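Engineer: Attaching a single structure in structure tokens format; questions to follow.
The values are calculated or read from the model by the stated rules, or taken from the named source; none is laboratory data. This structure is a prediction, so every number in the text was calculated from the model and none was measured. Positions of Cβ are generated from backbone atoms using ideal geometry, with glycine treated the same way; all protein chains shown enter the neighbour counts.
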Amino acid sequence: MNTPSSAIERELSSSERLLWSGQPRAGVCLRATDAFLIPFSLFWCGFAIFWEIGAVVPAHKNGGPAAAVFPLFGVPFVLIGLYLVFGRFILDARLRQRTFYGVTSERVIIVSGLRSRSTKSLNLRTLSDISLTQRADGSGTITFGPTHPMSQRFPGGSWPGAGMYATPAFDMIDRAKEVYDIIRQTQKTAT
């Protein structure tokens, strides 16, 4: 099993030192956007299932060639509803389980990916916009660079294809302020 330090150390050059490594919180996590998405997903899925039952039962009774085709139109909507209710939480948890963060003497590194390994590297010397969002328990998110408006609607890549809008970040890490301070201090000595 990969540990954060072993996943990041594979990416280091000979002159780099690993100063910190970590991972996002594990398991199913709720985000601020879920205040809207949970009721919406329950409504969507409930309506899609209700519509599908309404299409299948009369079609089954009446028979004929259209009876077999008509209920198929509702299947994609039911699948989308099930993804919104359950699947997005499972996908988000799996993505976070396979994501590793690192701060080195030269850069911040994000290693992630479900099927393939993706590495994002940001040079500390040229990194200008760093923001910290901290929760009461000390956990939080450190964002690198300006935030794209779409990244707030689909945080953590919870919708397929939304990752292209994601701003690089150390998402849902413990002791976020300590990591933020390590980054800021390393930036001062790297210049």
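Engineer: Kindly check whether there is at least one residue in segment 52-71 that is surrounded by fewer than 12 Cβ atoms within 10 Å (Cβ to Cβ) and within 28 Å of Leu127 (Cβ to Cβ).
Structural biologist: Within segment 52-71 (the criterion being surrounded by fewer than 12 Cβ atoms within 10 Å (Cβ to Cβ) and within 28 Å of Leu127 (Cβ to Cβ)), the answer is no, since none of the residues qualifies.
Engineer: Checking Ile130 against (1) modelled with pLDDT of 90 or more; (2) β-branched (Val, Ile, Thr); (3) in contact with a His (Cβ under 9 Å, 6 or more places away or on another chain): exactly one of these is not met. Which one?
Structural biologist: Checking Ile130 against (1) modelled with pLDDT of 90 or more; (2) β-branched (Val, Ile, Thr); (3) in contact with a His (Cβ under 9 Å, 6 or more places away or on another chain), the one that fails is (3).
Engineer: Search segment 1-20 for residues being closer than 13 Å to Arg107 by Cβ and among the hydroxyl-bearing types (Ser, Thr, Tyr), and hand back the single one that is farthest from the chain's Cα centre (by Cα). So that I can check it myself, show each step before the final result.
Structural biologist: Step one: filter segment 1-20 for residues closer than 13 Å to Arg107 by Cβ, giving 8, 11-13, 15-20.
Filter again for among the hydroxyl-bearing types (Ser, Thr, Tyr), leaving 13, 15.
Details: Ser13: 28, Ser15: 31 Å.
For segment 1-20, the residue satisfying everything is Ser15.
Engineer: Scan segment 38-48 and tell me whether some residue there is at pLDDT below 95, under 19 Å from the mean Cα position of the chain (by Cα) and among the small types (Gly, Ala, Ser).
Structural biologist: Taking every residue of segment 38-48 in turn, at least one turns out to be at pLDDT below 95, under 19 Å from the mean Cα position of the chain (by Cα) and among the small types (Gly, Ala, Ser).
Engineer: Testing Gln23 on (1) within 30 Å of Tyr180 (Cα to Cα); (2) crowded, with 19+ Cβ neighbours inside 10 Å; (3) out of contact with any strand residue (DSSP E or B) (no Cβ under 9 Å at 6 or more places or on another chain), one condition comes back false. Which one is that?
Structural biologist: (3) is the only condition that Gln23 fails.
Engineer: Further, regarding this structure: Kindly indicate which of Arg88, Arg115, Arg94 is crowded, with 17+ Cβ neighbours inside 10 Å, under 30 Å from Ser21 (Cβ atoms) and at pLDDT below 95.
Structural biologist: Numbers: Arg115 fails: crowded, with 17+ Cβ neighbours inside 10 Å; Arg94 fails: crowded, with 17+ Cβ neighbours inside 10 Å.
The conditions single out Arg88.
Engineer: Could you check segment 103-130 and list, in sequence order, the residues that are touching a residue at least 12 places away in the same chain (Cβ under 8 Å), more than 16 Å from Ser15 (Cα to Cα) and under 18 Å from the mean Cα position of the chain (by Cα)?
Structural biologist: Selection gives Ile110, Val111, Ser112, Gly113, Leu114, Thr119, Lys120.
Engineer: Mind listing whichever residues of segment 85-130 are polar (S, T, N, Q) and within 29 Å of Pro39 (Cβ to Cβ)? Can you show your working first?
Structural biologist: Step one: list which residues in segment 85-130 are polar (S, T, N, Q), which gives 97, 99, 104-105, 112, 116, 118-119, 121, 123, 126, 128.
Of everything in segment 85-130, those that are polar (S, T, N, Q) and within 29 Å of Pro39 (Cβ to Cβ) turn out to be Gln97, Thr99.
So that you can scan it fast, the table gives a plain yes or no per residue for (1) outside the structural domain of Thr133 (by TED's automatic domain parsing); (2) of a type outside the set (A, V, I, L, M, F, W, C); (3) not in a strand (DSSP E or B):
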position: Ile38; (1), (2), (3): yes, no, yes
position: Gly46; (1), (2), (3): yes, yes, yes
position: Ala55; (1), (2), (3): yes, no, yes
position: Leu72; (1), (2), (3): yes, no, yes
position: Tyr83; (1), (2), (3): yes, yes, yes
position: Val111; (1), (2), (3): no, no, no
